[in-house]
2 protein chains.
Amino acid sequence: MAKKSKKPSSYHHGDLKQTLIGHALSIIDNEGIGGLTLRKAARHAGVSHAAPAHHFGDMKGLMVAIAIKGFSKMILQMEKALSQTKDDNSLLKLKLIGLAYIEFAVQHRSFFKVMYHSELSKKGPYPDLEKESRIPFKLLKSTVQDCQDNQLIKKGDIENIALFAWSTVHGIANLLVDSQLKSKGLLGDDMQYADHVTNLLYTGLKYQ
Amino acid sequence: MAKKSKKPSSYHHGDLKQTLIGHALSIIDNEGIGGLTLRKAARHAGVSHAAPAHHFGDMKGLMVAIAIKGFSKMILQMEKALSQTKDDNSLLKLKLIGLAYIEFAVQHRSFFKVMYHSELSKKGPYPDLEKESRIPFKLLKSTVQDCQDNQLIKKGDIENIALFAWSTVHGIANLLVDSQLKSKGLLGDDMQYADHVTNLLYTGLKYQ
DNA sequence: TTTATAATCTTGACAATGTCAAGATTAAAT
DNA sequence: ATTTAATCTTGACATTGTCAAGATTATAAA
């Protein structure tokens, strides 16, 4: 609740940038990424149609800002999951960090959609975004490393094993976020399914 | 080369629908899904700006048409992969069908992007698309069933195991298609990596 | 073959959007 | 107090999706 609302002066908004991001996210929640327009976000915020440009440059700038914020949140959530176990239990850490990834995706669908939107990763350069977007995989990889150091999973190329784990949780996350499973009647509860699949993943790694 | 080009009469195109789909795909190849517009596809095909509407209704209709065609191609490629092994070797089938899924994605990025575009799965109803889109998973599931029948993988809930395999290959496919790995310097050759990961996946299933 | 009907394509129009330029208002710094 | 920078508005323009009405060609019916 420590918002720095600087007493709006009716001309200068005070915290327009974050406000616009908020409205953009709720628009994506309701109408999908295709429903997001700069003008619509501006209307929701009660400012003129050209106001967003001063904070984000263009449409892509808004998406980048959302993605960066999303990665920060996701990283926090992953780190929190890691800290919830003793240091020696790295196999559990591996499961928890994967679940945290999936949980973030389903809890913040709009963030996740923007974070991994094709158009963003394509043409940069957005150094801040690039930097943040690498951290989740780094966290995953170092956890895999811990597991190997503690001989909890068989030896193997760390990079490949981490990529395997990432592919799986990323795949689940995408299928869940796009309602590709629910729409096919394949799914009841999201996280219950995520738990099943991550179990398969990590017991698989154990006996690899 | 058995195209039914019906001698264009300069007013009636002859095969405008498929032609437009082709141009749409090449636009997506070059500029991403965001770069695709109905008018641009029309210009590339040399027809008026409103011509596409008569074949696809609206923008979403074009995407649906592309997605349906993409699923047909993908299904053919998966079935072809299945037919390349003796019936008894169902574990190899399981690997081949997964690789076929990934291979289709990297060979036909634009198709794949459209097929699993959030906006499509959201609001229907597009019965033809729904029907086609279920088949890949059905193929995967029946292959998993074969593996269990032949006692090549341990028993377990077929649905969950199939979803696990699907999540993994779908995750790889998405990361590859969006160049999320290459851009991070994590990858040399796409299919080589896919082979590594599917190996991990299926040996994992074997000892589950 | 002639005619009627449907399919296909064009032209013209409209509202909505991204983006730019120029100006108005307020905050911050000097 | 004055200058400078930041923030927001207004107005404009090209582009786009979409609709309606008309032109052209194919197809079917007579």
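A short reminder: the numbers here are calculations on the coordinates, not readings from a lab. Worth saying up front: this structure is predicted, and the values here are computed from it rather than measured. Every residue, glycine as well, gets a Cβ built from its backbone with ideal geometry; the counts of neighbours run over all protein chains shown.
If you put a point 7 Å past Cα along the Cβ direction, how far is that point for residue B:30 from the same point in each other copy, in nm, smallest first?
From this label point to the equivalent ones elsewhere in the assembly: 3.8 nm.
Please report the relative contact order for chain B, taking Cα pairs under 8 Å with a sequence separation of at least 6, and give it as a percent rounded to a whole number.
Relative CO of chain B lands at 20 percent.
Defining the label point at 7 Å along Cα→Cβ, can you sort the distances from residue B:138 to the same site in each other copy, shortest first, in nm?
Computed spacing set for this position: 4.6 nm.
Kindly flag which residue pairs out of A:73/A:95; A:113/A:206; A:95/B:141; A:182/B:95; A:95/A:141 have an alpha-carbon separation exceeding 22 Å in this structure.
A:113/A:206; A:95/B:141; A:182/B:95
With label points built 7 Å along Cα→Cβ from the Cα atoms of residue A:151 and residue B:131, find their separation and express it in nm.
Placing both labels 7 Å beyond Cα along the Cβ direction yields 5.8 nm.
Mind jotting down a quarter of the surface of the convex hull over the alpha carbons of chain B, in square nanometres, one decimal?
That works out to 13.6 nm², a quarter of the Cα hull's surface.
For A:138, A:206, what's the fewest-to-most ordering of other Cβ within 10 Å of each Cβ?
Ordered by Cβ neighbours within 10 Å, fewest first: A:138, A:206.
How many nanometers, to one decimal and shortest first, lie between the label point of residue A:55 and those of its other copies, if labels sit 7 Å from Cα toward Cβ?
Inter-copy label distances (nm, one decimal, shortest first): 4.3.
When a/c reaches 1.5 or more, the comparison of a/b and b/c decides; with that in mind, is the protein assembly as shown rounded, prolate or oblate per its Cα gyration tensor?
Taking the square roots of the gyration eigenvalues as a ≥ b ≥ c, the protein assembly as shown is oblate.
Provide, in order from the shortest bin, the percent of all Cα-Cα pairs of segment B:55-167 in each 5 Å bin, continuing until the bin that contains the maximum pair distance.
2, 12, 21, 21, 17, 12, 8, 5, 2, 1
222 nm [θ] for chain B, helices only, -39500 (n - 2.57) per DSSP H run of 4+, per residue, to 500?
-22000 deg cm²/dmol
Using a Förster radius of 56 Å, what is the FRET efficiency between residue A:199 and residue B:40 based on their Cβ-Cβ separation? Nearest 0.05, please.
0.75
How many partner chain Cβ atoms sit within 10 Å of a residue's Cβ in peptide A:136-142, on average, as a whole number?
Neighbouring Cβ atoms belonging to other protein chains average 1 per residue here.
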